[in-house]
Amino acid sequence: EAGVAQSPRYKIIEKRQSVAFWCNPISGHATLYWYQQILGQGPKLLIQFQNNGVVDDSQLPKDRFSAERLKGVDSTLKIQPAKLEDSAVYLCASSHRGVSLYEQYFGPGTRLTVT
Amino acid sequence: RKEVEQDPGPFNVPEGATVAFNCTYSNSASQSFFWYRQDCRKEPKLLMSVYSSGNEDGRFTAQLNRASQYISLLIRDSKLSDSATYLCVVIGGTTDSWGKLQFGAGTQVVVTP
């Protein structure tokens, strides 16, 4: 079974530039999560989708971050404009609640450096 | 106060020894609990769920203490490959936190030869 795919794996941008990350969850997983993990901290949930609807985006900085999952499969997360404090690993995860409630499978992440 | 707190460590453990550490949570209505493992520069992976009655998976034992609001993880007969950061995850159970996931910052374990 293919895992969660993410791209790019690494990205370096200057502050005030824009960046987008892509995630393709495990086939059949209805729930998709985006996390931000700053060095030395645990993952912080940014947004959770159930199919193509948003379940929780309470910690998403909506003035600069946006995410979509238009067809209920893959998803993009965008930052515009980026700030230095956005430097982090952005993790995508998916889960199939019907099988194992809340067990999440993570992708390898995108390591973002904002200079 | 953070909703989920962990001792960051590191816990330096001789190979073959036992190590245990806790994770405290502030929301008494939290409904589900998990331990994830994260290797350096890798993604988190589910280690085990934590059940009310406690559960064991090989050398790993997880416990839940609802009265004191903490979960624990014990690793017996530590292996070098157990070196990692262990993240606890708490799922909200109140009306406004239902299903919300909170990760702790992680506890680093270093197993030495």
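The values are calculated or read from the model by the stated rules, or taken from the named source; none is laboratory data. Since the structure is predicted, the reported quantities are computational estimates derived from the model, not experimental observations. Counting neighbours? That spans all protein chains shown, and the Cβs are built from the backbone with ideal geometry, glycine included. What goes into the accessible areas is simple: the full protein's heavy atoms, side chains included, and nothing from ligands, DNA or RNA. Shrake-Rupley method; radii C 1.70, N 1.55, O 1.52, S 1.80 Å.
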Query raised in the report: Is one or more of the residues making up segment A:74-92 open to solvent by less than 40 Å² (accessible area, probe 1.4 Å) and modelled with pLDDT under 95?
Result: no
Query raised in the report: With (1) open to solvent by 30 Å² or more (accessible area, probe 1.4 Å); (2) more than 13 Å from chain B (Cβ to nearest Cβ) as the list, and A:ARG69 as the residue in question, which single condition is left unmet?
Result: (1)
Report summary line: Exactly one of B:LEU73, B:LEU101 is facing chain A (nearest Cβ under 9 Å) and open to solvent by less than 60 Å² (accessible area, probe 1.4 Å), and that one is B:LEU101
Query raised in the report: Residues in segment B:20-65 that are β-branched (Val, Ile, Thr) and either in contact with a Gly (Cβ under 6 Å, 6 or more places away or on another chain) or closer than 30 Å to A:ALA88 by Cβ (or both): how many?
Result: 2
**Report entry** So B:THR85, is it facing chain A (nearest Cβ under 10 Å) and among the β-branched types (Val, Ile, Thr)
**Finding:** yes
Query raised in the report: Just for segment B:2-20: of the residues that are closer than 18 Å to B:PHE34 by Cα and part of a loop (DSSP other than H, G, I, E, B), which one is most open to solvent (accessible area, probe 1.4 Å)?
Result: B:LYS2
Requested in this report: Report yes if A:VAL54 is within 14 Å of chain B (Cβ to nearest Cβ), under 24 Å from A:THR115 (Cα atoms) and either open to solvent by 80 Å² or more (accessible area, probe 1.4 Å) or in a strand (DSSP E or B) (or both), otherwise no.
Outcome: no
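Condition check ((1) open to solvent by 50 Å² or more (accessible area, probe 1.4 Å); (2) assigned to a loop (DSSP other than H, G, I, E, B)) across all residues:
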| site | (1), (2) |
| --- | --- |
| A:ALA2 | yes, yes |
| A:ILE12 | yes, no |
| A:LYS15 | yes, yes |
| A:PHE21 | no, no |
| A:SER27 | yes, yes |
| A:TRP34 | no, no |
| A:LEU39 | yes, yes |
| A:GLY42 | no, yes |
| A:LEU45 | no, no |
Requested in this report: Could you tell me which residue of segment B:25-45 is farthest from A:ARG111 (Cα to Cα), considering only residues that are open to solvent by 50 Å² or more (accessible area, probe 1.4 Å) and touching a strand residue (DSSP E or B) at 6+ places or on another chain (Cβ under 7 Å)?
Outcome: B:GLN31
